[in-house]
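The structure appears right after this line, and notes come after that.
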Amino acid sequence: MNDLTDEPNMGLITAEPLRRAIGERYLTYALSTIMDRALPDARDGLKPVHRRILYAMRELRLSPTGGFRKSAKISGDVMGNYHPHGEAAIYDAMARLAQDFNVRYPLVDGQGNFGNIDGDNPAASRYTEARMTIFAEALLEGLAEDAVDYRDNYDGTLSEPVVLPAGFPHLLANGASGIAVGMATNIPPHNISELCDACLHLIKTPQARDETLLNFIPGPDFPTGGVIVDPPAVIAEAYRTGRGPIRLRSRWNVEDLGRGQWQIVVTEIPYQVQKSKLIEKLAELIQTKKIPILADVRDESADDIRVILEPKSKNVDPDVLMGMLFRNSDLEVRFSLNMNVLIDGLTPKVCGLKEILQAFLDHRREVLLRRSKHRIDKIDHRLEVLEGLLVAFLNLDRVIDIIRYDEDPKLALLCEDWTKSYARAMNEADYLPPDKTEPGELSEVQVEAILNMRLRSLRRLEEMELTRERDALMEERAGLQDILDNETLQWDKLAEQIKDTKKKFGKDYEGGARRTSFAEAGVIEEVPLEAMIEKEPVTIVCSQMGWIRAMSGHIDLTRELKFKDGDGPKFIFHAETTDKVLVFASNGRFYTLAPATLPGGRGMGEPLRLIVDIPNDADIVDIFVSRPDRKLLVASSAGDGFIVSEEEVIAQTRAGKQVLNVKGDVKAQVCKPVMGDHVAVVGENRKVLIFPLSELPELSRGKGVRLQKYKDGVMNDATTFDLSGGLSWLDPAGRTRTETELGEWIAKRASAGRMAPRGFPRDNKFG
């Protein structure tokens, strides 16, 4: 052992299993995250960072009536003295406490840019100033009266409170949110007046049920207002268990513009929804035509919220429009209630409403007892001083003689026998010192009070005044002692304090009235998209390169149209805006388009691959208007296929719906409406095969069955027809030719077939 090693085991390596080492360290990290960062204390409703911010502001004397200090100074003090986790994190936490749209009762009075409901960040801490609000002051009240325990700060140089006295139920008043390791919390804000009423009822009836407390607390009270549309039974279950969703909607009204015109004005948006992102989402719904009955959205907000929603037509039902917006935007949100808190600052637990209120009341009772004991100690000290001052008043001449002539006045006063009478000493020779070997009746505290008394105070040292003060203090002490000895009186005193809080912060306080109201969500009928679209004729045009557009009206299909250089027409057909258009690609997937959402015909359109998710290596086989009562023949280049109902191929997403399964080099080749009783197939080898339609199965998805057999090559085309009417095709001259004598080509499905009839097109297509 040398000077560099103070301990015998220093420098030794201790073996430890890796599993245990990692487990212990992870557990330590998890506990520190849960207790010191994520979950609030059920007693004061604060996380450590928020508690330290308020305590540091108190140490800086930033009272609600005092001046402001730079936020950088405040966050710097918090970081240096109590919370060494980075100034940015501290400032962000402090800024949230100042945002009236984020907390129901702001604890920080901010001066400058502290962010807004649009989601803009606060200005840098060097540009803003802050001080406490009266709500923060109420949380700190009694801190100097031994109301709570203190602990050392992170480096042991200072001390900080373990919990704040909390003059009101802050946990429920402002709510809390956080994510820990394996758990989270999400508590909504509530109204202080309602919380106080519930606390008073719980004091009066300790066995009250959660359902009874909901008569006083019907639900959350969000700082941004809104309307809760969940039924009371759902809310009651959430508060009873501590978990459950709460639906919150925007507040809106219909504004009459005259002449039958109207618009919707949104005046309140849901809690924690950024207005700018909400406007962007509504604009996206208009652009993508997902809500065709919504024409425009405007933000006319100033200090208040005013979002204008303009309908497409005055004939639109406002309730229908808002019902669609509630389903497709953040005009309606679900707040996931999760009341996971630290009970007694140590144990994480998901609590019901009653348990959280009871934790607050128990904490306030403990604060009351500690403050009462502290006050009794102060009174005892003052009574001791008063007794000494009374003695000094009754023997004022003797006290003056001792102070004037004695060499050690303090010792003389301590040893003086006040039952003896002395003549007033006119000089030092006349002064008779007390016997300093025997203790007197005055204590050291009383003597110090007498010696430190100013001369000008002698005129106030009247016996009646001292006696009156003593009697008043003794009466106060007796009342405090009764409170300490009687639990009933403790709860009565606590009830008085809660009533005072309600009077101070209740409905009469500015902003104390409830902001969030309740309503039942009316049943809005599901209106199909087609019903909201005005039926208008359009002509769908898709080019060879896959650019699609919808031209107004039913134009001549042979009309010459403009396309991009190197591009030309491929598909052109008539449709209605209320139709569904099906796209069949070579990957075997069907895609669904709404003509009303397609780009107009003034330009060249848009690439179809941007509207639906068609892979780059897939070609467009066919585009047509959907008829739900129709069936389709689908087949691949390998000669496999089946019958499918059009109802089965409607896709609900951009990704489409897989119907015909293909692999490798095999591609989807044919998609034809079923119109007849027989199937005609032609391959690359120009062999034609005809067989009854009944030999094909009807599937919703799959590879299908073999239509025609090939030694080499692939299938070119297939179609259906009535055998009695013959098989028709277009000859090279554009004339329709029909062959009725088809006996030599009729065979079993999956046969090789025979050479095509004379005059069959060279491209091996039926047309």
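Residue count for segment 50-88, restricted to those that are in contact with a helix residue (DSSP H, G or I) (Cβ under 7 Å, 6 or more places away or on another chain) and assigned to a helix (DSSP H, G or I): 16.
Among the residues of this structure, Lys47 counts as one that is among the basic types (Lys, Arg) and within 24 Å of Asp344 (Cβ to Cβ).
Just one of (1) part of a strand (DSSP E or B); (2) among the β-branched types (Val, Ile, Thr); (3) within 47 Å of the chain's Cα centre (by Cα) fails for Val682. It is (3). Condition check for Cys351 on (1) in the same structural domain as Asp256 (by TED's automatic domain parsing); (2) touching a residue at least 40 places away in the same chain (Cβ under 8 Å): one failure, at (1).
Here the helices (runs of 4 or more DSSP H) wholly within segment 418-518 that include at least 2 residues being in contact (Cβ under 8 Å) with a residue 12 or more places away in the chain and over 41 Å from the mean Cα position of the chain (by Cα) are 444-451, 463-485.
Quick grid of which residues meet (1) under 28 Å from Ser636 (Cβ atoms); (2) outside any strand (DSSP E or B):
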| site | (1), (2) |
| --- | --- |
| Gly566 | no, yes |
| Phe573 | yes, no |
| Val583 | yes, no |
| Asn587 | yes, yes |
| Ala596 | no, yes |
| Gly603 | no, yes |
| Arg609 | yes, yes |
| Asp613 | yes, yes |
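Applying the criterion of at least 1 residues that are within 17 Å of Gln263 (Cα to Cα) to the strands (runs of 3 or more DSSP E) found wholly in segment 274-350 leaves 294-299, 307-311. Looking for something over 30 Å from Ala166 (Cβ atoms) and either surrounded by fewer than 18 Cβ atoms within 10 Å (Cβ to Cβ) or in contact with a Leu (Cβ under 9 Å, 6 or more places away or on another chain) (or both) - is there at least one such residue anywhere in segment 366-383? Within segment 366-383, one or more residues are over 30 Å from Ala166 (Cβ atoms) and either surrounded by fewer than 18 Cβ atoms within 10 Å (Cβ to Cβ) or in contact with a Leu (Cβ under 9 Å, 6 or more places away or on another chain) (or both).
Looking only at residues in segment 710-736 that are in contact with a Gly (Cβ under 7 Å, 6 or more places away or on another chain) and among the charged types (D, E, K, R), the one that is farthest from Glu647 (Cα to Cα) is Asp731.
If you check Glu416, Glu463, Glu428 for being of a type in the set (Asp, Glu), at pLDDT 80 or above and in contact with a Phe, Trp or Tyr (Cβ under 7 Å, 6 or more places away or on another chain), only one passes: Glu428. In this entry, Thr578 is excluded by the filter for residues that are under 22 Å from Ser552 (Cβ atoms), of a type in the set (Ser, Thr, Tyr), within 42 Å of the chain's Cα centre (by Cα) and assigned to a strand (DSSP E or B).
Here are some residues: Arg754, Arg749, Arg735, Arg758. Which one is without any contact (Cβ under 8 Å) to a residue 12 or more places away in the chain, closer than 16 Å to Val682 by Cα and among the charged types (D, E, K, R)?
Numbers: Arg754 fails: without any contact (Cβ under 8 Å) to a residue 12 or more places away in the chain; Arg749 fails: without any contact (Cβ under 8 Å) to a residue 12 or more places away in the chain; Arg735 fails: closer than 16 Å to Val682 by Cα.
Answer to the selection: Arg758.
Taken together, the residues in segment 685-696 that are closer than 14 Å to Asp722 by Cβ and either under 60 Å from the mean Cα position of the chain (by Cα) or free of Cβ contacts under 8 Å to residues at least 12 places away in the same chain (or both) amount to 2. Residue pairs whose Cβ atoms lie under 8 Å apart, separated by 6 or more positions or on different chains, with the first residue in segment 66-95 and over 14 Å from Glu129 (Cα atoms) and the second of a type in the set (Phe, Trp, Tyr) and buried (at least 16 other Cβ atoms within 10 Å of the Cβ), are Tyr82/Tyr55. Regarding Asn661, is this residue touching a Gly at 6+ places or on another chain (Cβ under 7 Å) and surrounded by fewer than 19 Cβ atoms within 10 Å (Cβ to Cβ)? For Asn661, the condition - touching a Gly at 6+ places or on another chain (Cβ under 7 Å) and surrounded by fewer than 19 Cβ atoms within 10 Å (Cβ to Cβ) - is met.
Yes/no per residue for (1) of a type in the set (S, T, N, Q); (2) surrounded by 15 or more Cβ atoms within 10 Å (Cβ to Cβ):
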{"residue": "Arg259", "(1), (2)": "no, no"}
{"residue": "Trp262", "(1), (2)": "no, yes"}
{"residue": "Thr288", "(1), (2)": "yes, no"}
{"residue": "Ile293", "(1), (2)": "no, yes"}
{"residue": "Ser301", "(1), (2)": "yes, yes"}
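Counting only strands (runs of 3 or more DSSP E) that fall entirely inside segment 103-152 and contain at least 3 residues that are surrounded by fewer than 17 Cβ atoms within 10 Å (Cβ to Cβ), the qualifying elements are 150-152.
The values are calculated or read from the model by the stated rules, or taken from the named source; none is laboratory data. Predicted, not measured: the structure shown is a model, and the values here were computed from it. Heads up, the Cβs are rebuilt from the backbone with ideal geometry, glycines too, and the neighbour counts pull from every protein chain shown.
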